[in-house]
Amino acid sequence: MKPLITEKNIRRRIRRLAIEIVNEMGRGEETAVIALLDGSFMFLADLIRELYQLDFPLTVNFIGVSSYQGNTRSSGRLSWYRRPPLSAAERRVLLVDDILDTGLTLNGVQQHLLRQNPTVLKTCVLLKKSKTRSFDNRVDFTGFTIPDVFVAGYGLDMNGRYRELPYIAAMTES
Ligand code: XMP
């Protein structure tokens, strides 16, 4: 499969992203990093190790939420399979997601966390599709903007496949 984004470019961009995060959020207080499962696991693993190199104090927790039902089109509904294990109240939160597509998933999670009154809520996505979105998502840190194609690799899957690829590839529905 032909890479849309190479392993080398991913590594280089994540290093820069970590610097952007530290510059904007500061090192002072501990940040609760909340990652959206499943697709963000590889991105999260690399991002937090870069943040560690920069002495950024953090905790890590996971949220399981999906708007996809095993195919390449959004079902339009949000279903939780792992609710946030901690409250975002009075915390500095960095929400980490793999990809911003329609924006439905991230919008639902952002609203949920904002209702708990975090002191700061910042959002970081690895990929953002360049198309116009139906939701007005606030994203503070973006790895790459990509064309409106279905992608897999580097944690992202197509029916469970291709997550292990160290790069991101564009897929066709066939
Ligand atoms: P929405 O449309 O709610 O979708 O922004 C976000 C979630 O849907 C999944 N998604 C994808 N997964 N390749 C994938 O492997 C894609 O091109 C893709 N587009 C959306 C993903 O889980 C994301 O968090």
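The values are calculated or read from the model by the stated rules, or taken from the named source; none is laboratory data. For clarity, every value in this text was computed on a predicted model and none was experimentally measured. We place every Cβ from the backbone using ideal geometry, glycine too, and count neighbours over all the protein chains shown. Areas reflect the complete protein model, heavy atoms only, side chains present, ligands, DNA and RNA absent. Shrake-Rupley method; radii C 1.70, N 1.55, O 1.52, S 1.80 Å.
Across the stretch 112-150, the qualifying residues are those that are within 13 Å of the ligand (Cβ to nearest atom) and among the aliphatic types (A, V, I, L, M), and the one among them that is nearest to the chain's Cα centre (by Cα) is 125. Evaluating residue 109 against the criteria (1) more than 11 Å from the ligand (Cβ to nearest atom); (2) open to solvent by less than 60 Å² (accessible area, probe 1.4 Å); (3) of a type outside the set (Gly, Ala, Ser); (4) touching an Asp or Glu at 6+ places or on another chain (Cβ under 9 Å) leaves one unmet condition, (1). Based on what the data block shows, is residue 148 over 17 Å from residue 43 (Cα atoms), without any contact (Cβ under 8 Å) to a residue 40 or more places away in the chain and acidic (Asp, Glu)? Yes, satisfied.
How many of the residues in the stretch 117-148 are open to solvent by less than 50 Å² (accessible area, probe 1.4 Å) and either outside any strand (DSSP E or B) or of a type outside the set (D, E, K, R) (or both)? Break it down stepwise before answering.
Filtering the stretch 117-148 for residues open to solvent by less than 50 Å² (accessible area, probe 1.4 Å) gives 118, 120-127, 129, 137, 139-144, 146.
Remaining after also requiring either outside any strand (DSSP E or B) or of a type outside the set (D, E, K, R) (or both): 118, 120-121, 123-127, 137, 139-144, 146.
So the answer is 16.
Within the stretch 67-89, can one find any residue that is within 16 Å of the ligand (Cβ to nearest atom), at pLDDT 95 or above and not hydroxyl-bearing (Ser, Thr, Tyr)? Checked against the condition, which is being within 16 Å of the ligand (Cβ to nearest atom), at pLDDT 95 or above and not hydroxyl-bearing (Ser, Thr, Tyr), the stretch 67-89 yields no hits at all.
Residue 157 falls short on exactly one of the conditions (1) open to solvent by less than 40 Å² (accessible area, probe 1.4 Å); (2) near the ligand (Cβ under 9 Å from one of its atoms); (3) within 17 Å of residue 35 (Cβ to Cβ), and that condition is (1).
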